1. Mind checking which residues of segment A:156-173 are within 16 Å of ligand 2 (Cβ to nearest atom) and either in contact with a Leu (Cβ under 9 Å, 6 or more places away or on another chain) or of a type outside the set (A, V, I, L, M) (or both)?
2. I'd like to know if segment A:180-191 contains one or more residues that are of a type outside the set (Ser, Thr, Tyr), touching a strand residue (DSSP E or B) at 6+ places or on another chain (Cβ under 6 Å) and more than 16 Å from ligand 3 (Cβ to nearest atom).
3. Would you point out the residue of segment A:1-13, among those that are of a type outside the set (Phe, Trp, Tyr) and touching an Asp or Glu at 6+ places or on another chain (Cβ under 9 Å), that is farthest from A:SER61 (Cα to Cα)?
4. Look through B:ALA37, B:ALA43, B:ALA28 and report the one residue that is at pLDDT 95 or above and either within 16 Å of ligand 4 (Cβ to nearest atom) or within 12 Å of another protein chain (Cβ to nearest Cβ) (or both).
5. Across segment A:82-98, which residue is nearest to A:GLU34 (Cα to Cα) among those that are aliphatic (A, V, I, L, M) and within 12 Å of the chain's Cα centre (by Cα)?
6. Sort out which residues of segment B:234-244 are within 24 Å of the chain's Cα centre (by Cα) and more than 10 Å from chain A (Cβ to nearest Cβ), and write them in order of number.
Amino acid sequence: MFIGTEKLTHTYMPGTPFATEALQDVSFNLQQGEFALIIGPSGSGKSTLIQHLNGLLRPTSGRVLFEGIAVGSNKHELLRLRRRIGLVFQIPEEQFFSESVFDEIAFAPRNLGLDESEVEKRVNESLEKVGMQAEKFRNRHPFRLSAGQKRLVAIAAVLSLQPEVLIFDEPTVGLDAISRKNLYNLLTALNQKDGLTVIISTHHLDQAAALADSVLVLNQGRLVMAGPAENIFNKRKQLYELGLTLPPVTEIMHELAEKGLPVKTAVYTLQEARGEIKNMKRRYKP
Amino acid sequence: MVSRSAAIVEAKNVDYYYPGEGETVWPALSGINLTVAQGEYVALIGPNGSGKTTLLKLFNALLTPFGGEILVQGISTANEETLPAVRQACGMIFQNPDNQLVATTVEEDIAFGLENLALPPAEIRRRVEDVACLLGLRKLLRQPPHLLSGGEKQKVAIAGVLAMEPRCILMDEPTAMLDPAGRQDVIDTVRDLNKRQGIAVVHVTHFPEEAAWADRIVVLNEGQLIVQGSPEDVLTDLSLLHELKLQGPAAVELAALLREDGYRLPPQILHNRELVDSICSLERKN
Ligand SMILES: Nc1ncnc2c1ncn2[C@@H]1O[C@H](COP(=O)(O)OP(=O)(O)OP(=O)(O)O)[C@@H](O)[C@H]1O
Ligand SMILES: Nc1ncnc2c1ncn2[C@@H]1O[C@H](COP(=O)(O)OP(=O)(O)O)[C@@H](O)[C@H]1O
Ligand SMILES: [Mg+2]
Ligand SMILES: [Mg+2]
């Protein structure tokens, strides 16, 4: 096991009338280099789980494990872990504390003790990776940006740490089409070329579905499905019952299949759909 | 004084600049001319940073233009005394459902704006009851808002705006943070209000599938209004959308790929259903 949990339970405000059991008995493990998705309706516990994975929350019971060591077992370990696991929050503003985009993104490399020219290099690279022009944005105030620009800066501020594990809580919220595509291309490259482990929660499976190795499905604090992506995405009906949907292009394939056309429905990209429809004729009996 | 024209909100040659650091200013909008008619559903699309939120904030008088003029029901937003009338006529829903609920129960939250209108308590109660009924929130009236799902929170925010009896609702990515079920619920609710009560809607979204249901699409890019027209014209113009780094609905994108492969599909396919039906009828002919 690389990263995972054992019977993780989390109760917010325990012992008060407002006690909320946000996670109950959640156990899973992921291998190094995996691309995992966490999906589930709102309030199902995705953000709570994600915050446990880099030790921002402490388990009410159960354990979070990183390379076999319980997360949060001591302060020194926790600091080491936070250098290796980068987390982008669901609300970008919650992670901002600097007066400029440059300082925000420079925080992690400065913290690593890198000299200022290396810091500068990392900031520029990180901005470029998320598709922002460094010259245009470096002196801007992170709070005085558009919604999508804030999210891109929050992502860049984690990329500059160059962590081994990237955990993003709903990273595509508020991004335009090109930034979404660009982000998924970047994650694919980091995952496939550099071997980074990537864990993201999302409601928008458009591009994510095609990339995921494995999927965790939460509902009301419980892990209700987990496994290889193809095994989860072919349970369309169960996902529907949880209020979840497949990517729009997959829905089109399902509708075609329902009309009796001989198409495969496990299709997550436009190009796959195009190929599948093109090949359909060959499948008719001569 | 209400203007005789059917316009609910109008931007006349509007410029807006955000004050920058030192002497610099950021032109967020320039030369915007836009009229939203009574009962119209307008989708406002454009890349990150193109000025969509800024334009909504101008319509809601949260900002006032540097050049040109914004009129809400014929009343200029530049005038302090008429601000309450402007805000009553034109309510705003934000992206994050957690940032706009202020009271300790849903009921108080819906009544929040009404308290400032000096209405008799019976009238306040009637309006809260009416909108709660209309949006299916009656069961939730006594609940604390933080216990609701994201979709329910957005509906409470919409109820709060509706209780003011507005002529127009401005929505800034209202579904971006919601799960698929919540997203559908909010979209259905707003479309229904638009159709049945004739309330105009200006809806900012990064989802072309959502924009496709509007009466009119308005496209912003770098602070300028680039093009406007029917969804059938604008959202099927993929060369324009791609040039602006935007995307068409999945059905439009897939239809374009299939046409390249020799499928003779009708030109104005916009929704999944149309694509599925067209493919089926072609297959049946073969
Ligand atoms: N408070 C602010 N101070 C300074 N500049 C700002 C502020 N808010 C936005 N801007 C700038 O104004 C321009 C338009 O921003 P706006 O928020 O209207 O864009 P948007 O179209 O809503 O983008 P998004 O899709 O990312 O939400 C952008 O260049 C942005 O950086
Ligand atoms: N800081 C908090 N305090 C109290 N309850 C919380 C807090 N954060 C989340 N919760 C509750 O825990 C549950 C899970 O929430 P969350 O992890 O945010 O779910 P998701 O990310 O899947 O939407 C919900 O019932 C939510 O209301
Ligand atoms: Mg969350
Ligand atoms: Mg915006």
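1. To start, the set of residues in segment A:156-173 that are within 16 Å of ligand 2 (Cβ to nearest atom) comprises A:167-173.
Answer for segment A:156-173, where residues must be within 16 Å of ligand 2 (Cβ to nearest atom) and either in contact with a Leu (Cβ under 9 Å, 6 or more places away or on another chain) or of a type outside the set (A, V, I, L, M) (or both): A:ILE167, A:PHE168, A:ASP169, A:GLU170, A:PRO171, A:THR172.
2. Within segment A:180-191, the subset of a type outside the set (Ser, Thr, Tyr) is A:180-183, A:185-187, A:189-191.
Still in the list and also touching a strand residue (DSSP E or B) at 6+ places or on another chain (Cβ under 6 Å): A:187, A:191.
Imposing the further condition that a residue be more than 16 Å from ligand 3 (Cβ to nearest atom) reduces the set to A:187, A:191.
Yes, segment A:180-191 contains a residue that is of a type outside the set (Ser, Thr, Tyr), touching a strand residue (DSSP E or B) at 6+ places or on another chain (Cβ under 6 Å) and more than 16 Å from ligand 3 (Cβ to nearest atom).
3. Residues of segment A:1-13 that are of a type outside the set (Phe, Trp, Tyr), as a first pass: A:1, A:3-11, A:13.
If we keep only those that are touching an Asp or Glu at 6+ places or on another chain (Cβ under 9 Å) as well, we get A:1, A:3, A:7-11.
Details: A:MET1: 20, A:ILE3: 17, A:LYS7: 7, A:LEU8: 6, A:THR9: 5, A:HIS10: 7, A:THR11: 9 Å.
Result: A:MET1.
4. On the way: B:ALA37 fails: either within 16 Å of ligand 4 (Cβ to nearest atom) or within 12 Å of another protein chain (Cβ to nearest Cβ) (or both); B:ALA28 fails: at pLDDT 95 or above.
Selected residue: B:ALA43, the only one of B:ALA37, B:ALA43, B:ALA28 that is at pLDDT 95 or above and either within 16 Å of ligand 4 (Cβ to nearest atom) or within 12 Å of another protein chain (Cβ to nearest Cβ) (or both).
5. Residues of segment A:82-98 that are aliphatic (A, V, I, L, M), as a first pass: A:85, A:87-88, A:91.
Still in the running and within 12 Å of the chain's Cα centre (by Cα): A:87-88.
Values: A:LEU87: 16, A:VAL88: 18 Å.
Applying the filter and picking the extreme gives A:LEU87.
6. Start the filter on segment B:234-244 by keeping residues that are within 24 Å of the chain's Cα centre (by Cα), which leaves B:234-238, B:240-244.
Those that are within 24 Å of the chain's Cα centre (by Cα) and more than 10 Å from chain A (Cβ to nearest Cβ): B:VAL234, B:LEU235, B:THR236, B:ASP237, B:LEU238, B:LEU240, B:GLU243.
Residues are listed down the side, and each one gets a yes or a no for (1) more than 11 Å from A:VAL130 (Cα to Cα); (2) surrounded by fewer than 22 Cβ atoms within 10 Å (Cβ to Cβ); (3) at pLDDT 95 or above; (4) not assigned by TED's automatic domain parsing to the domain that holds A:LEU49:
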site: A:ARG144; (1), (2), (3), (4): yes, yes, no, no
site: A:GLN149; (1), (2), (3), (4): no, no, yes, no
site: A:ALA154; (1), (2), (3), (4): no, no, yes, no
site: A:ALA157; (1), (2), (3), (4): no, no, yes, no
site: A:LEU186; (1), (2), (3), (4): no, yes, yes, no
site: A:ASN191; (1), (2), (3), (4): yes, yes, yes, no
site: A:ILE199; (1), (2), (3), (4): yes, no, yes, no
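Rundown of residues vs (1) farther than 21 Å from A:ILE199 by Cβ; (2) of a type in the set (D, E, K, R), yes/no style:
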residue: A:GLY86; (1), (2): no, no
residue: A:ASN111; (1), (2): yes, no
residue: A:ASN124; (1), (2): yes, no
residue: A:ALA157; (1), (2): no, no
residue: A:ASP169; (1), (2): no, yes
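The values are calculated or read from the model by the stated rules, or taken from the named source; none is laboratory data. If you're wondering where the values come from, they're calculated on a predicted model, not measured in any experiment. Cβ sites come from the backbone with ideal geometry, for glycine too, and all protein chains shown count toward neighbours.
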